[in-house]
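The values are calculated or read from the model by the stated rules, or taken from the named source; none is laboratory data. None of these values were measured; they are calculated from a predicted model. For neighbour counting, all protein chains shown are included, and Cβ atoms are generated from backbone atoms with ideal geometry for every residue, glycine included. Surface areas here come from the heavy atoms of the whole protein model, side chains and all, with no ligands, DNA or RNA. Shrake-Rupley method; radii C 1.70, N 1.55, O 1.52, S 1.80 Å.
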Amino acid sequence: LQVLPLVKDVRYGIPSFLGRLPQGIHRGLNNWEGIYSLNGDLARRLQTEWSKLRAILTSDTHYLAFAAERLLDGLGRDRPRDAIVDYTIALEALLTQSVRDELRYRFALRGAFMLAALGQEKRASFQKLLGLYDDRSKIVHGNRADQSTVTERRVTGEKALRDIWWWAYQQDFRSADELAEEIDRKILE
């Protein structure tokens with residue numbers, strides 16, 4: 001897998017200064033120096049879906065763009081707690097866009113329901129997402145998350161975000177509110 005920068009020409013407010021501004025999907029991978037290999041299924045999926053994926057990833061308005069940016073940002077983080085914040089913010093944007101009350105509970109409930117629909121154990125997913133959200137809250141409010149769970153939470157956040165993002169992408173919703181309404185509808189069936 002090779003990451004190529006997407007750039008566009010930008011004028012910096014002064015007509016004679018023209019520069020190139022990085023944009024889009026490479027941003028979160030710039031600092032990432034690991035090796036990433038794609039399995040055959042994911043490689044085929046990316047080939048088939050690339051034009052649609054690229055349109056989302058370079059969009060300023062598509063509701064999945066922000067979550068994809070945070071996924072890529074999280075992959076490039078050196079500190080697990082920073083990745084946890086990225087993944088949780090993205091999942092929160094997907095699962096609780098217009099919800100202002102009971103965020104922690106709805107975040108975990110909706111996420112666990114979706115992960116169960118994708119083959120994971122619902123109760124375990126619910127508990128993991130509660131823990132992820134709790135660690136996120138500690139981190140963003142300046143408290144220390146338990147270092148013995150930070151790496152596990154990072155893995156939980158990344159996997160949940162990948163799985164739920166891909167499912168939402170395949171459903172072709174127009175907004176995060178539409179996604180949340182569909183999840184709530186399925187929960188209540």
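Full extension of the segment from Ala124 to Asp78, taken as 0.36 nm per residue of separation minus the current Cα-Cα distance, would add 13.9 nm. Once the Cβ-Cβ distance between Thr58 and Arg104 is put in as r, and R0 is 45 Å, what FRET efficiency do you end up with, to the nearest 0.05? Approximately 0.90, to the nearest 0.05. What FRET efficiency comes out for the pair Arg144/Gln170, r = Cβ-Cβ distance, R0 = 41 Å, nearest 0.05? The computed FRET efficiency comes out at 0.60.
Across the range 67-129, Cα pairs under 8 Å and at least six residues apart give a relative contact order of 23 percent.
The solvent-accessible area of Phe113, taken with every protein chain present and a 1.4 Å probe, is close to 40 Å².
Let me make sure I get this right: for the range 42-88, a, b and c are the square roots of the gyration tensor eigenvalues over alpha carbons, sorted descending. Under 1.5 in a/c it's rounded, otherwise prolate if a/b > b/c, else oblate. Which is it? Oblate is the answer for the range 42-88, as a/c is 1.5 or above yet b/c matches or exceeds a/b.
On a full-extension model of 0.36 nm per residue, what is the gain between Glu178 and Val155, subtracting their alpha-carbon distance, rounded to one decimal in nm? Present the calculation step by step, with values, prior to reporting the outcome.
Details: separation 23, 0.36 × 23 = 8.28 nm, distance 2.70 nm.
Answer, rounded to one decimal: 5.6 nm.
Computing FRET efficiency as 1/(1 + (r/R0)^6) for Arg162 and Glu189, where r is the C-beta to C-beta distance and R0 is 25 Å, gives about 0.50.
Between the residues Trp166, Ala180, Val150, the greatest Cα displacement towards the positive end of the dipole of the range 131-189, with unit charges on the Cβ of Lys, Arg, Asp and Glu, is found for Val150. The aspartates and glutamates whose alpha-carbon is closer than 16 Å to the alpha-carbon of Lys52, local same-chain residues fewer than 8 away aside, are Asp60, Glu69, Asp172.
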